[in-house]
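Visitor: Input: one structure, supplied below.
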Amino acid sequence: MGDREYMQLALELASCARGRTSPNPMVGAVLVRDDVIVGRGWHQRAGEPHAEILALKDAGEAARGATMYVSLEPCCHTGRTGPCTEAVIGAGVSRVIVAMRDPNPLVAGKGITRLRDAGIEVTDGVLESEARSLNEVFIKYITRRLPFVVLKAAVSLDGKIATHTGDSRWITGSEAREYGHRLRDTYDAILVGAGTVRQDDPSLTARLPGARDPVRIVLDSRGTIPPTARVITQTSDAPTLVAVTAGAPEASLKALESTGAGIVVAGEGSRVDLPLLMRELAARQITSVLVEGGGQVHASFIAARLPDKVVWFIAPKIIGGIRAPGAVSGLGAERMADVPVLDQVTVKRLGQDICIEGYFPRTQGAG
């Protein structure tokens with residue numbers, strides 16, 4: 001095996017902790033000596049040992065003179081844990097291969113410099129694009145202090161998300177719905193509008209074995225959702241946050257707070273200020289948000305140029321009807337020249353449904 005193959009293994013190890021390391025990145029490390037893997041490790045949760053430390057522990061004395069493959073530049077500062085660079089140096093590792101430099105300003109090349117100053121040969125940029133894709137959430141959060149925003153919808157062939165009576169269960173089949181729950185397990189938070197809560201009374205949990213529930217966020221400028229809504233009353237380790245404006249009636253807020261729901265005030269006007277809300281969520285170390293809104297919520301996010309990515313499920317069904325709601329409402333674009341074109345589009349089949357994923361142009365996600 002060569003450098004790329006060993007780095008691919010490090011990336012695969014890192015992905016074992018998908019959805020579990022926030023606000024930290026996913027990192028994997030592999031130690032190789034005489035073409036034999038002698039140590040492996042991946043960062044499993046924020047506050048727990050980093051991948052490099054676990055790989056060194058796994059290797060023991062075999063780490064001396066070995067090459068370390070690590071998917072992210074080793075840290076050189078003390079946070080919840082000590083600097084990985086010092087552990088690597090102390091273990092006698094002779095060579096370090098890095099996929100990408102750490103965008104965290106506390107590191108940002110300083111870890112590589114520290115290793116080189118200690119006489120360790122360092123190569124960086126091996127499978128860098130794959131490493132950046134793996135940690136796209138962390139990169140945006142740590143460099144811009146904003147959560148990574150994903151719009152998710154399930155629509156019929158004619159773009160409807162429900163019938164004219166509001167019935168939406170189920171547009172897609174079981175495989176697509178399972179994939180949707182894996183997304184909930186991956187991202188820090190899930191966001192819907194108050195209308196969705198009143199219409200569907202969703203639980204907004206990740207209903208898969210071993211899954212982690214996301215933080216539930218409801219856009220509700222006046223604090224009008226009932227305290228009996230399942231999004232509030234269900235048993236879950238994750239909290240529910242209700243995003244309101246400064247004009248929300250105090251009585252409504254007290255009723256919601258009495259149930260244990262958290263209140264986030266974002267804006268002075270009639271609607272929640274979405275860019276401000278995103279900054280408030282980032283301040284709470286919520287690094288990613290899965291938006292499962294109705295048409296108006298999606299339209300508002302797009303108008304504010306907030307989304308980074310789209311996950312769009314299309315079912316082979318035709319609902320019809322001018323009163324049946326669509327996935328994106330509002331006035332929409334005036335000219336085709338103004339319509340954002342997604343990049344890096346992928347298409348896959350899930351049962352009878354199709355899932356299209358893509359990224360908004362980099363001018364979006366501005367917050």
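The values are calculated or read from the model by the stated rules, or taken from the named source; none is laboratory data. Predicted, not measured: the structure shown is a model, and the values here were computed from it. Here Cβ is always computed from backbone atoms with ideal geometry, including for glycine, and neighbour counts include all displayed protein chains. The protein model used for the area step is the full one, side chains on, heavy atoms only, and it has no ligands, DNA or RNA in it. Shrake-Rupley method; radii C 1.70, N 1.55, O 1.52, S 1.80 Å.
Visitor: What whole-number value in cubic angstrom gives the convex hull volume per residue for the C-alpha atoms of the chain?
Guide: Residue-normalised Cα hull volume stands at 151 Å³.
Visitor: In units of 2.2 N^0.38 Å, what is the alpha-carbon radius of gyration of the range 53-146?
Guide: Against the empirical 2.2 N^0.38 Å value, I get 1.07 for the range 53-146.
Visitor: Residues of the range 1-18 with backbone nitrogen within less than 15 Å of a virtual label 7 Å along the Cα-to-Cβ line of Glu121, please, listed as ranges.
Guide: What the label zone holds, given the 15 Å backbone N cut-off, is 2-4.
Visitor: Shifting gears a bit: Suppose a student asked you for the relative contact order of the chain, using Cα pairs under 8 Å spaced at least 6 residues apart; what percent would you report?
Guide: Dividing the mean separation by the residue count of the chain yields 15 percent.
Visitor: OK, next. Rounded to the nearest 10 degrees, what's the angle between the helix 274-283 long axis and the longest principal axis of the chain, both from Cα atoms, 0 to 90?
Guide: 40
Visitor: Per 0.36 nm of contour for each residue apart, how much would the distance between Ala337 and Arg132 grow if the chain were fully extended, relative to their Cα-Cα spacing?
Guide: 70.8 nm
Visitor: Enumerate the aspartates and glutamates that Lys57 could reach by cross-link, defined here as Cα to Cα under 17 Å, with residues fewer than 8 away along the same chain left out.
Guide: Here the aspartates and glutamates satisfying the reach criterion relative to Lys57 are Glu48, Glu86.
Visitor: If you place +1 on the Cβ of every Lys and Arg, -1 on the Cβ of every Asp and Glu, and leave all else neutral, what size is the dipole of the chain about its Cα centre, to the nearest 20 Debye?
Guide: In total the dipole reaches around 560 debye.
Visitor: Got a number for carbon plus sulfur as a percent of the chain's accessible area, 1.4 Å probe?
Guide: Carbon with sulfur: 50 percent of the solvent-accessible area.
Visitor: Here's something else I'd like to know. List the extent of the Cα atoms of the range 145-208 along each of their three principal axes, largest first, rounded to whole Å.
Guide: 39, 27, 22
Visitor: Another question, then. I need the calculated FRET efficiency for the pair Leu276 and Arg169, taking r as the beta carbon distance and R₀ as 51 Å, to the nearest 0.05.
Guide: That pair, Leu276 with Arg169, gives E of 0.95.
Visitor: Could you calculate, for the range 240-367, the ratio of the Cα radius of gyration to the Kirkwood radius, expressed as Rg to Rh?
Guide: Reported Rg/Rh, Kirkwood definition of Rh: 1.02.
Visitor: What shape does the range 109-185 have by the C-alpha gyration tensor, where a ≥ b ≥ c are the square roots of the eigenvalues, rounded means a/c under 1.5, and otherwise prolate means a/b greater than b/c and oblate the rest?
Guide: Because a/c hits 1.5 or more and a/b exceeds b/c, the range 109-185 counts as prolate.
Visitor: Which of the three applies to the range 11-97, rounded, prolate or oblate, going by the alpha-carbon gyration tensor with a ≥ b ≥ c and a/c under 1.5 meaning rounded?
Guide: oblate
Visitor: Here's another thing I want to ask about it. When the dipole is taken about the Cα centre of the range 139-279, and only Lys, Arg (+1) and Asp, Glu (-1) are charged at their Cβ, what size is it in debye, to the nearest 20?
Guide: 300
Visitor: If you don't mind, another one. Please report, in Å, the Rg and the Dmax of the range 56-99, where both are computed over Cα atoms only.
Guide: In Å, with Rg to one decimal and Dmax whole: 10.3, 28.
Visitor: For labels at Ser258 and Glu48 in the simple 7 Å Cα→Cβ model, what's the distance in nm?
Guide: 4.0
Visitor: Sorted from largest down, what three extents in whole angstroms do the Cα atoms of the range 214-301 have along their principal axes?
Guide: 28, 28, 27
Visitor: What whole-number value in Å² describes the accessible area per residue of the chain for a 1.4 Å probe?
Guide: 46
Visitor: What residue among Leu115, Cys84, Ser288 has its Cα farthest toward the positive end of the dipole of the chain, where the charges are +1 on Lys, Arg and -1 on Asp, Glu, each on the Cβ?
Guide: Towards the positive end, the residue furthest out is Ser288.
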